[in-house]
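What follows is a set of notes on a single structure, which appears directly below.
The values are calculated or read from the model by the stated rules, or taken from the named source; none is laboratory data. Remember, predicted model here, so these are calculated numbers, not experimental data. We place every Cβ from the backbone using ideal geometry, glycine too, and count neighbours over all the protein chains shown.
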Amino acid sequence: MVSVSTKFGQMADRFRVPLTQIPPEDEAILGPARYRDSALFQAIKIIAPDVLIVDIHWFAMDSFLRELPCKKVFLTRQIDPRTFRFRTADRELVFRPEDWDLVLRTEPGFDLPFPSEAVEPLVLRNRDEILTREAARADLGLGPEDRVCLFAFSGRTGEGAEAWKSFSYLEDEGWTVVRSDNREGRLFPAMDWYNAFDLVVCGAGYNQFWEARYLRKEAYFVPFPRRFEDQARRIALCSDYEFEENGADQVVRRILAL
């Protein structure tokens, strides 16, 4: 994995996934004249991948994508179409689907302005890979008869506290509330313990929303504003969407078929 430096990098360490963290770089260093000196280009060059999988941030590699000898896979979810065509200070950036061996959209309810293939949403665990109800409750120190709610917010700082104002009544009604925020190193992936919970209250970002839908949890989703996605739209369009197969397995099969 390669990403900009982030406090969430410790999650990769938990699963012993090698992670190269690089500093944020702007369009000047990543542009056609200087990209060979960029930390991103150097990191990819050292890794020399057989397959490059890019999640949304295609524009960072626009200057050098074509010269990479590997297979190239682009993943995107619901996102503002303007993400695929915009101007920087000195040039216009336009997504070129022909530069990619595979373009996959991983969320229902939206279209792309170029050809793509649809797969189901990607979640971190399959249903048979998480703890049983008994094991999950024992691990969290919960009783078998407790009414348990997971209250999980891992977006921007303060969003969980804001949402709690609307859901603090749960404790007054006798619910045991397990609170998790990955900024503080709590449950990750939260899916591992989902069988312990009778109710989930969480944000409406891609991961939390689709994990709850995949595991068919009773859930309250709280949307927050984001620059490139519409969380309220996700709730409105997809709250009744059901799927049986983890899209991650579908992505693996498509990559192997390359």
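When the residues of region 1-22 are filtered to those that are among the hydroxyl-bearing types (Ser, Thr, Tyr) and over 16 Å from the mean Cα position of the chain (by Cα), the one that is nearest to Leu52 (Cα to Cα) is Thr20. Among the residues that make up region 57-70, is at least one of them touching a residue at least 40 places away in the same chain (Cβ under 8 Å) and surrounded by 14 or more Cβ atoms within 10 Å (Cβ to Cβ)? No, because not a single residue in region 57-70 is touching a residue at least 40 places away in the same chain (Cβ under 8 Å) and surrounded by 14 or more Cβ atoms within 10 Å (Cβ to Cβ). Among the residues of region 143-174, the ones that are surrounded by 18 or more Cβ atoms within 10 Å (Cβ to Cβ) and closer than 13 Å to Phe197 by Cα come to 5 in all.
Of all residue pairs spaced 6 or more apart or on separate chains, those with beta-carbon atoms under 7 Å, a first member in region 28-52 that is without any contact (Cβ under 8 Å) to a residue 12 or more places away in the chain and a second member that is part of a helix (DSSP H, G or I) are Ile29/Asp37. I'd like to know if region 120-129 contains one or more residues that are of a type in the set (Val, Ile, Thr) and either part of a strand (DSSP E or B) or surrounded by fewer than 18 Cβ atoms within 10 Å (Cβ to Cβ) (or both). For region 120-129, residues of a type in the set (Val, Ile, Thr) and either part of a strand (DSSP E or B) or surrounded by fewer than 18 Cβ atoms within 10 Å (Cβ to Cβ) (or both): absent. Of all residues in region 176-207, exactly one satisfies the criterion of being assigned to a loop (DSSP other than H, G, I, E, B), touching a residue at least 40 places away in the same chain (Cβ under 8 Å) and in contact with a helix residue (DSSP H, G or I) (Cβ under 6 Å, 6 or more places away or on another chain), namely Phe188. Scoring Thr106 on the criteria (1) in contact with a Lys or Arg (Cβ under 6 Å, 6 or more places away or on another chain); (2) more than 26 Å from Gln231 (Cα to Cα) leaves a single failure, condition (2). The residue that is modelled with the lowest pLDDT, among those in region 32-87 that are part of a loop (DSSP other than H, G, I, E, B) and polar (S, T, N, Q), is Gln78.
Pairs meeting the criteria (first residue in region 208-219 and under 13 Å from Ser154 (Cβ atoms) and at pLDDT below 95, second residue hydroxyl-bearing (Ser, Thr, Tyr) and not in a helix (DSSP H, G or I), beta carbons under 9 Å, at least 6 apart or on different chains) are Gln208/Ser154.
Please work out which one of (1) over 18 Å from the mean Cα position of the chain (by Cα); (2) surrounded by 13 or more Cβ atoms within 10 Å (Cβ to Cβ); (3) among the β-branched types (Val, Ile, Thr) is the condition Val94 fails and give its number. Answer for Val94: the failing condition is (2).
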